[in-house]
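Worksheet: one structure, shown below.
The values are calculated or read from the model by the stated rules, or taken from the named source; none is laboratory data. Since the structure is predicted, the reported quantities are computational estimates derived from the model, not experimental observations. As a convention, Cβ positions derive from the backbone with ideal geometry for all residues, glycine included, and neighbour counts pool all protein chains shown. In case anyone asks, the SASA skips ligands and DNA or RNA and just uses the protein heavy atoms, side chains included. Shrake-Rupley method; radii C 1.70, N 1.55, O 1.52, S 1.80 Å.
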Amino acid sequence: LNFQPDLVWMMSRTSSSTHNTIFDTLRGPNLRLMSNLTSAEDTQPMCHSFDLDGFTIGDDRNNNSENFVAWCWKAGNGTVENSDGTIASTVSVNQNAGFSIASWEGTGAVGTIGHGLSKAPEFIIVKNREVVTNWPTWLPFAQTTNRGLYINTTGVEDDGVVYFFGDESNTTLPTSSVISLGSNATANQSGKGMIAYCWHAVEGYSKFGTYEANGNADGPFVYLGFKPAMVIIKNMDGASTNWMMWDNKRSTYNPNGKILRGNTTDAENAGT
């Protein structure tokens, strides 16, 4: 990769029974989370080590004749303790790229955790590592501040995704230093380990937002200001729609017609 990754998201391109697997340096190698399932973290020999110039795969991501893809992000290549919030967190932060990973032990009470970034996050993914729960995600562009999406489901925006905001009657948006948490077990169960992946836009590097579809073959143009290497799209108000993912390594020319889905085990298929 020419850098040491702190987050590795791997998926099979050819198997229809292989899970989306996520590994990060805060939790350690071979500790698997699966974005298409609600399962707790388990140990699998898939991401054997995070190396200075890439990562080493294990047996379960080296099946003979099977094709894989990995999306990788660099955070801080190390961890620091963060006391910006009312709940202590451990973070790995790449402020230049607008990306951080934060872990904490849940308290079961409304509170805040520090994320380490210099700006308020614009996309947050959270998982309770130790129990069966959904993956709540949050963007500031949702229809109301109380709504969000689950990355493991095909559902529409859900009023129940308020785990970043305390209570519905006391909504608090993420700030340049902290994320607000409610008492729900999905993001803040007492005594359980939690993990969050946080991003904000960086000019020429990343962008987060929404667009209104038109239903035509000639769809809307979404201006980013740069040529993206990876695009993730989710229908926010259309039921039973997947998280669709494209990148410029599996398809090197336009139109890009190779979809993978972050919430399923489906193999890569066609769709521009």
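A few notes on this one:
- 1.4 Å probe accessible area per residue over the chain, in Å²: 46 Å²
- Under a 5 Å amide H cut-off, with hydrogens placed 1.01 Å from N, PHE123 pairs with TRP199 among residues at least 5 apart or on other chains.
- Split the accessible area of the range 181-272 by element, probe 1.4 Å, and carbon with sulfur accounts for 50%.
- Placing pseudo-labels 7 Å out from each Cα toward the beta carbon at THR210 and ASN2 gives an inter-label distance of 3.7 nm.
- With a cut-off of 12 Å between beta carbons, the residues surrounding ASN30 carry a summed charge of -2, where Lys and Arg count +1 and Asp and Glu -1.
- Within the shell defined by Cβ-Cβ distances under 14 Å, the residues around VAL202 carry a net charge of +1, with Lys and Arg each +1 and Asp and Glu each -1.
- Table column - 3J(HN,Hα) (Hz), the range 39-45, Karplus curve with 6.51, -1.76, 1.60, x for Gly and Pro: 4, 6, 4, 9, 9, 9, x
- Within the accessible area of the range 1-89 (1.4 Å probe), percent carbon and sulfur: 43 percent
- Over 19 Å apart at the Cα level, from the set LYS74/LYS258; LYS74/LYS192; LYS207/LYS234, are LYS74/LYS258; LYS74/LYS192.
- Near GLY85, the amide H atoms lying under 5 Å from its own belong to GLY114; only residues 5 or more places off or on other chains count, and H is placed 1.01 Å from N.
- Computed from phi, the 3J(HN,Hα) profile of the range 179-184 under the Karplus parametrisation 6.51, -1.76, 1.60 (θ = phi - 60°) reads 10, 8, 10, x, 9, 5 Hz, with x in place of Gly and Pro.
- Using θ = phi - 60° and Karplus 6.51 cos²θ - 1.76 cosθ + 1.60, couplings along the range 127-138 (whole Hz; Gly, Pro as x): 9, 6, 6, 10, 9, 7, 8, 5, 9, x, 10, 9
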